[in-house]
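The values are calculated or read from the model by the stated rules, or taken from the named source; none is laboratory data. No experiment lies behind these values; they were computed from the predicted model shown. Cβ atoms come from the backbone with ideal geometry, glycine included; neighbour counts cover every protein chain shown. Side chains are part of the model used for accessible areas, which takes the heavy atoms of the whole protein and leaves out ligands, DNA and RNA. Shrake-Rupley method; radii C 1.70, N 1.55, O 1.52, S 1.80 Å.
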Amino acid sequence: MRRPVPLLLLVLLSACTVTTTGAPCTSDLNCPSDQGCGNDRTCSTAALSCPGHQTGGECQPGTSCSGGRLVTCSPASGVCSTGPVTTDCPAHQACAVEGGAAGCACQPTACGAATPTVCGPSGEVVTCARDATPPGCWYEASSAPCADPAQACTRSGGAAACACPTANACSVEGALTCAATGQGVLRCQPAAAGSTCLTWQGVTDCATGGLVCSAGACACPPNPGPVFLADAVGGSPASATPSPTGVANPPACRFATLTDALAAAGAGGTVRATGWSAAVPGGVVRFTEPGAVSVPAGTTVTTDDPTPDPDHYAVVTAAALGGPFVALGPGASFSGLEVRNGASTGPAIQAACPATADTAPVTLSGVRVAAATGGTPPTRFSAGLQVGGNCGVTATDFTVSGAAIGVVVDPLAASVEVAASGLHVTGTTLAAATVVDGKLTLTGGTVDGNASGVLVGNTGAGSPSFTATGTTFSGNAGDAVFVARGTVLTDACPYVNNGTHVHAQPTTGSAVHLTVQNSSGAAKMTGATNSAFRLLAMGSGSTLVLTGNEVVGNSATQDYNVSTGLRRGGGVVFTAPFPGAVTTRSCQYFGNKFDQILVAAGAGTLDLRGGTTCGVESNSFGCYDQGSPSVGVFSNGASVSSDWNRWSVQPGVFGIDVAGTGVSGFDTRACSAAVFVCP
């Protein structure tokens, strides 16, 4: 009995040539040279004799696949076999092995009863059919590429067809929109040249210019407020594209005019002028407004200067305005700009507060009004500042030049006050200020080179009030201060080279209350051309206080007819009726041309006493004008008490220190002689 050949031995024998008949083999190469490999896969001499024997050995009976074709090998006699025979499968079939047996079967395809059309690998549409021969194989009958260059085969359910891309698809050619992310602008346009398919495609990136995309266009970034920037150099008009919003950057998104910026800011917002640099042509950023500028209640107009500087920013209009150029609502603020006249005759700035509830004061800071144009004759603002409503004004470093009137105070309520620190008014053709009613309070500043200075109560019927502390009145052709009604107080104010420094002359039925004090030393009253004081017919209802003043070096042009002829008073002139209450203390009257005090009245009683005894309250007289009739006090017959004063000699001498008739006390109650350094 032959024992089975061990598995390892069979493997070894199959890999090398053997000399034993019946050894296992896979081809003749495994057998001795005189043997062949039979269909039983053993070596034998008989195998070499099989018809058509190949060195690969006899094929093993059965079926297999090769290149999609069916290969059949049939057994013959002994170790011989017939084949292999290769057979093509029917159309739409291919050889396949299933369950260990090879046979022809339908070729794999995506086609089927539920999918009569499919998409090809290149995006073409493939149409399928079914073979009528059993088993009825499905096959791809035809294919066609999409005619539209942007379309591709798309399967939906069981059908396939050419379709436009769905990603970023749109429907209206030319329409614009914004990208979902970023600041890109997308346009609806053909996905490819010649295509009817429309897709959103990027046309610009707004972010590169500092803009944002809004409603399909590049727009200025939104402004959350409350600050809106105006830039006459780099900004844009409100009608520009993109429309400015008043943000800082890009500069084109700033407003070109204050008017547009104010419209965007609304009540309570802030409009800030910007854009100035030393390189700006002319050195000034100039806002040219279409007309009047209205600043709503509680709104601020300012500049980017740390300290307001009207040399950097200006506002002007070509409109010939008869009303105010800049109107400020209650609580509004305006600073750092020069208000220039172009062709207007109304006020430059007006506090616009018509309602009784409009009491919040307007604020001005670092503002300059250039009121006159360069024409011949020049066009002028009627006023640099006009206050005619229910709100007052608080002003700091406010300058007016060339207006008809610098400041007009004529409010609806008598309690309204204009309080100005560092007010500078010059070159006005009528007056630096008129106070018809209400209050005007000045601290420091200058009233210089005007036709007249401050006129108090010269019109109207109220009881206005004017107070000045440390304000310089100089070079005014007429009265530096005139009062016809109401109350005036000036304290430590220099008066230099005016027509008359202080003129009081009540209108019929009115009374005035005048106090001038501490105008001495560097703040002395000097250089008047027509008397330092003209206190004319003040009346019994009026009061007068003159204390601590140095009245020196003044002259007079107006003659007063007295019993001895015509006289003038370079220092003080009184006419009757006199004030009901007069206080003159600690004043010095010297070096004035003509009389130091001229009382051009033949009746009445006037108190010029220097207190109740000699001391600091005593008034001093001296340095009389030797070139004209001149004494310390001249009276035309009115009763004038001049006790406790100092004269050029002790006691005073009639004809030298006093003259006329009615002066008493100069010789009986005189103090030690006045000592002056005469001018």
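Taking amide H positions as placed 1.01 Å from N in the peptide plane, with prolines and chain starts having none, which residues 5 or more places from SER531, or on another chain, fall under 5 Å of its amide H?
SER555, ALA556, THR557
So what's the stretch 164-218 giving for Rg/Rh, alpha carbon basis, Kirkwood Rh from the mean inverse pair distance?
With Rg and the Kirkwood Rh in hand, the quotient comes to 1.01.
Over the stretch 439-575, give the accessible area per residue in Å² for a 1.4 Å probe, as an integer.
Solvent-accessible surface per residue comes out at 30 Å².
Return the carbon/sulfur percentage of the accessible area of the stretch 546-679, one whole number, probe 1.4 Å, all protein chains in place.
Numbers: 2730 of 5160 Å².
C and S fraction of accessible area: 53 percent.
Whole-Hz ³J(HN,Hα) for each residue in the stretch 96-101, computed from phi via Karplus 6.51 cos²θ - 1.76 cosθ + 1.60 with θ = phi - 60°, x for glycine and proline: what do you get?
Those phi angles translate into 8, 9, 9, x, x, 10 Hz.
Principal axis lengths of the stretch 211-310 from Cα atoms, whole Å, largest first?
The principal-axis extents, from largest down, are 41, 34, 27 Å.
Can you sort VAL425, VAL649 by solvent-accessible area, 1.4 Å probe, largest first?
In descending accessible area the options line up as VAL649, VAL425.
Give me the distance in nm between label points sitting 7 Å out from Cα along the Cα-to-Cβ direction at ALA319 and ASP88, one decimal.
Between ALA319 and ASP88, the simple spin-label model gives 9.6 nm.
Using only protein heavy atoms and a 1.4 Å probe, report how much of THR500 is accessible, in Å² to the nearest 10.
0 Å²
Using Cα-Cα distances under 8 Å and only pairs 6 or more residues apart, what relative contact order does the stretch 74-222 have, in percent?
Across the stretch 74-222, relative contact order equals 14 percent.
Give the distance, in whole Å, between the Cα centre of the stretch 161-187 and the Cα centre of the stretch 642-663.
Result: 105 Å between the Cα centres.
Compare VAL658, VAL172, VAL653 by solvent-accessible area with a 1.4 Å probe and give them largest first, with all protein chains kept in place.
In descending accessible area the options line up as VAL172, VAL653, VAL658.
Given Cα pairs under 8 Å that are at least 6 residues apart, what percent is the relative contact order of the stretch 506-597?
About 33 percent, as a whole number.
Hey, how many Å between the Cα centroid of the stretch 287-301 and the Cα centroid of the stretch 205-240?
Value for the Cα centre distance between the two parts: 21 Å.
Report the net charge of residues surrounding GLN588, where surrounding means a beta-carbon distance below 13 angstrom and charges are Lys +1, Arg +1, Asp -1, Glu -1.
The answer is +1.
Please work out the average accessible area per residue across the stretch 280-324, using the 1.4 Å probe convention, and give it in Å².
41 Å²
Semi-axes of the equivalent ellipsoid of the stretch 80-168: what are they in whole Å, largest first, if each equals the square root of 5 times a C-alpha gyration tensor eigenvalue?
Those come to 36, 13, 11 Å.
Within the stretch 64-173, what whole-number % of the accessible surface is contributed by carbon and sulfur, with the 1.4 Å probe and all protein chains included in the calculation?
Within the stretch 64-173, the accessible surface is 55 percent carbon and sulfur.
Explain nothing, just compute: Karplus ³J(HN,Hα) = 6.51 cos²θ - 1.76 cosθ + 1.60, θ = phi - 60°, for every residue of the stretch 144-155 in order, whole Hz, x for Gly and Pro.
Each residue of the stretch 144-155 in turn: 9, x, 5, 6, 7, x, 9, 7, 9, 5, 10, 9 Hz.
Using +1 on the beta carbon of Lys and Arg, -1 on that of Asp and Glu, and nothing else charged, what's the dipole of the stretch 14-127 about the Cα centre, debye to 20?
Dipole magnitude for the stretch 14-127 comes out near 80 debye.
Go through CYS95, GLN350, ALA207 and say which Cα lies farthest out towards the positive end of the charge dipole of the chain; charges sit on Cβ, +1 for Lys and Arg, -1 for Asp and Glu.
Projecting each Cα onto the dipole axis, the largest value belongs to GLN350.
Rounded to the nearest whole Å², what accessible area per residue is found for the stretch 94-150 with the 1.4 Å probe?
The answer is 58 Å² per residue.
Take the alpha-carbon centre of the stretch 340-415, take the same for the stretch 76-123, and report the distance between them in whole Å.
Cα centroid of the stretch 340-415 versus Cα centroid of the stretch 76-123: 105 Å apart.
Only one of the listed values, (1) 57.5; (2) 61.4; (3) 41.9, was derived from the coordinates as mean projected area of the Cα convex hull in nm²; which label is it?
Of the labelled values, this structure produces (2).
Please name whichever of GLY527, ALA167, VAL118 sits farthest to the positive end of the charge dipole of the chain, dipole taken about the Cα centre and charges placed at Cβ: Lys and Arg +1, Asp and Glu -1.
Selected residue: GLY527.
Of all the accessible heavy-atom surface of the stretch 314-455, with the other protein chains kept in place and a 1.4 Å probe, what percent is carbon and sulfur?
Carbon plus sulfur share of accessible area: 56 percent.
Rounded to the nearest 10 Å², what accessible area does ILE656 have for a 1.4 Å probe in the complete protein model?
90 Å²
For LEU430, LEU176, LEU385, what's the largest-to-smallest order of accessible area, 1.4 Å probe?
Listed by decreasing accessible area, they come as LEU430, LEU176, LEU385.
Along the charge dipole of the chain, pointing to its positive end and built from +1/-1 on Cβ of Lys, Arg, Asp and Glu, which listed residue (THR396, ASN497, PRO290) has its Cα farthest out?
The residue sitting farthest along the positive end of the dipole is ASN497.
Give, rounded to the nearest 20 debye, the magnitude of the charge dipole that the chain has about its Cα centre when Lys and Arg contribute +1 at Cβ and Asp and Glu contribute -1 at Cβ. Intermediate results must be reported in sequence, preceding the final value.
Numbers: 24 positive and 37 negative charges, 153 e Å.
For this selection, approximately 740 debye.
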